[in-house]
Amino acid sequence: MTRRPYVRPLHPHWWLRDRRQFLYILRESTSVFVGLYSAILMNGLIRLSQGREAWQSYLDALSSPLGVTVQLICLAFAAFHAVTWFGVTPKAMPPILIKGEPIPACTIIRGHFILWAILSLAVLIVLGG
Amino acid sequence: MSETITIRVLRYDPDKDAEPRFDDFIVPYRDEWVVLDVLAYIKEALDPSLAYRGSCHMAVCGSCGMMVNRQPKLACHCFIRDYRGQLVTVEPLDHFPIERDLIVDQDGFIEKLSSLYPYLVTEHDKPLSEGTNLQTPAQLAAFRPFTQCINCLLCYAACPQVALNEGFTGPAALAIAHRYNRDSRDSGEELRSEITDSHHGVWDCTFVGACSEVCPKNVDPAAAIQQTKISASFRWLKARLLPGGTS
């Protein structure tokens with residue numbers, strides 16, 4: 001009897017063959033859009049330093065149909081990014097014990113959503129005011 | 001004619017086959033049968049050359065891990081009634097070399113696990129006269145979930161990083177290391193950190209989370225690895241910031 005273990009090559013589209021892996025790659029790819037929005041904000045700072053006209057043209061670009069579309073796409077991916085990471089947060093932190101019992105994962109996740117809502121509301125109030 | 005179900009099984013005979021192929025078997029459908037029962041039927045009634053692993057038939061021994069319709073499953077924990085009317089494809093666990101048919105070569109895993117001191121490491125041998133080691137319920141709770149690992153390797157088959165990085169220590173081995181690191185009787189964390197804190201230790205993990213989803217014993221290796229990342233980061237900082245740091 002021969003011992004000749006066969007190594008199966010990884011399928012080139014491995015992340016498309018399984019829903020779980022596809023969602024993982026989708027979660028990872030959100031970082032591109034979060035990075036893109038960060039670059040847009042950085043550009044805003046640069047334009048601000050260049051004077052009133054440059055700042056105004058930056059604002060005009062943001063409110064153009066293309067600018068709004070890009071921001072909406074970034075928002076959707078950033079929201080997906082946040083939701084998926086909130087979901088795995090309980091795994092990423094050491095168990096917190098209260099009276100000897102670990103806090104349930106769902107409580108930690110809910111806490112993150114509540115904090116997100118409070119912070120978003122605070123930002124809207126500050127900007128709106 | 002009574003109801004049947006078609007099982008497509010990956011076959012590989014190192015003496016004859018250049019690469020694996022699939023064989024289809026039509027077997028009787030039984031409501032109470034799991035995939036392991038089907039494989040036993042095939043071996044007894046249809047093809048005695050079929051090779052697979054299995055033992056306890058109750059999700060304890062961890063021998064019968066395989067891919068069932070592309071998902072890592074314990075064959076003894078996987079009822080064919082859940083696949084009624086479907087073609088059931090059974091393959092050896094992904095990301096392992098195939099030894100024969102449904103049997104994979106586990107040597108790589110065993111080597112990685114062995115390198116992590118997967119046992120209680122104590123600084124001094126304690127004489128019997130000092131009695132047993134006592135632990136509080138809280139001390140036990142800190143590591144107990146991670147003791148449930150049965151080395152079935154479903155987590156390795158689910159993890160894309162295991163496939164992409166051959167050197168990655170992998171979920172089960174890191175979860176077992178975490179189990180001992182969290183044990184109040186153990187003093188081996190520093191020894192294990194040489195592997196756990198290295199690139200091929202916890203840092204090859206990109207937190208896919210699939211390992212925890214497929215674990216039949218709810219061990220949660222993903223949590224073990226992320227918690228080890230926190231400990232590893234503190235060790236790294238401590239070694240660089242505190243006087244007397246060693247590395």
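Data for the structure
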{"quantity": "Largest-first principal axis extents of the Cα set of region A:1-75 (Å)", "calculated": "81, 22, 14"}
{"quantity": "Centre separation in Å (Cα based) which lies between region B:100-127 and region B:1-80", "calculated": "28"}
{"quantity": "Selected from B:Ala222, A:Gly111, B:Gly201, residue furthest toward positive end of dipole (the protein assembly as shown; charges at beta carbon)", "calculated": "A:Gly111"}
{"quantity": "Label point distance in nm, A:Leu66-B:Thr132, each placed 7 Å from Cα along Cα→Cβ", "calculated": "7.4"}
{"quantity": "Kirkwood-type radius of region B:1-49, with distances r between different C-alpha atoms, in Å", "calculated": "11.9"}
{"quantity": "Peptides ranked, highest mean first, by Cβ atoms within 10 Å: ranges B:214-222, B:199-207", "calculated": "B:214-222, B:199-207"}
{"quantity": "Sparse-neighbour loop sites [trypsin sites (Lys or Arg not before Pro); region A:48-129; at most 11 other C-beta within 10 Å; DSSP]", "calculated": "A:Lys99"}
{"quantity": "Stretch gain in nm, segment B:Phe22-B:Trp236, where the contour uses 0.36 nm per residue and the Cα spacing is subtracted", "calculated": "72.1 nm"}
{"quantity": "Dipole magnitude (debye, nearest 20) for region B:107-241, charges at Cβ of Lys, Arg, Asp, Glu", "calculated": "360"}
{"quantity": "Charge dipole magnitude, Cβ of K and R +1, D and E -1 - the protein assembly as shown, Cα centre, debye nearest 20", "calculated": "940"}
{"quantity": "Span-like helix ranges in chain A, DSSP H, alpha carbon extent 27 angstrom or more, Kyte mean at least 0.5", "calculated": "A:19-49, A:65-92, A:105-128"}
{"quantity": "Shielding by partners, peptide B:229-241 (average Cβ within 10 angstrom, other chains)", "calculated": "0"}
{"quantity": "Separation of the B:Arg84 and A:Ala79 label points, Cα + 7 Å toward Cβ, nm", "calculated": "4.0"}
{"quantity": "Listed pairs A:Lys99/B:Lys229; B:Lys16/B:Lys43; B:Lys43/B:Lys73 exceeding 22 Å between Cα atoms", "calculated": "A:Lys99/B:Lys229"}
{"quantity": "Cysteines (scope the protein assembly as shown) whose Cβ has no counterpart Cys Cβ under 4.7 Å", "calculated": "A:Cys74, A:Cys106, B:Cys64, B:Cys76, B:Cys78, B:Cys149, B:Cys152, B:Cys159, B:Cys205, B:Cys215"}
{"quantity": "Under 18 Å from the Cα of B:Lys217 - aspartates and glutamates, other chains or at least 8 residues apart", "calculated": "none"}
{"quantity": "Stokes-Einstein D for chain B, Kirkwood Rh over Cα pairs, 4 °C, 1.567 mPa s (µm²/s)", "calculated": "65"}
{"quantity": "Evaluated over region B:4-104, the Cα radius of gyration and Dmax, each in Å", "calculated": "12.6, 37"}
{"quantity": "Cα gyration tensor, region B:128-247 - rounded (a/c under 1.5), prolate or oblate", "calculated": "oblate"}
{"quantity": "Shielding of A:87-100 by partner chains, average beta-carbon count, 10 Å", "calculated": "4"}
{"quantity": "B:Leu164 paired with A:Trp14, simple spin-label distance in nm, labels 7 Å along Cα-to-beta-carbon", "calculated": "0.8"}
{"quantity": "Contour minus Cα-Cα distance for A:Ile118 and A:Lys99 (0.36 nm per residue)", "calculated": "4.1 nm"}
{"quantity": "Gain on full stretching of the segment that runs from B:Ser2 to B:Tyr41 - 0.36 nm per residue minus C-alpha separation", "calculated": "12.5 nm"}
{"quantity": "Convex hull volume of the protein assembly as shown per residue (C-alpha atoms, cubic angstrom)", "calculated": "248"}
{"quantity": "Nearby aspartates and glutamates by direct alpha-carbon distance to B:Lys126 (threshold 18 angstrom, same-chain neighbours under 8 apart not counted)", "calculated": "B:Asp183, B:Asp186"}
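Rule-based calculations on the coordinates, nothing more; no lab input. As the structure is a computational prediction, the values presented were derived from the model and not from experiment. Here the Cβ is made from the backbone with ideal geometry for all residues, glycine too, and neighbour counts use every protein chain on show.
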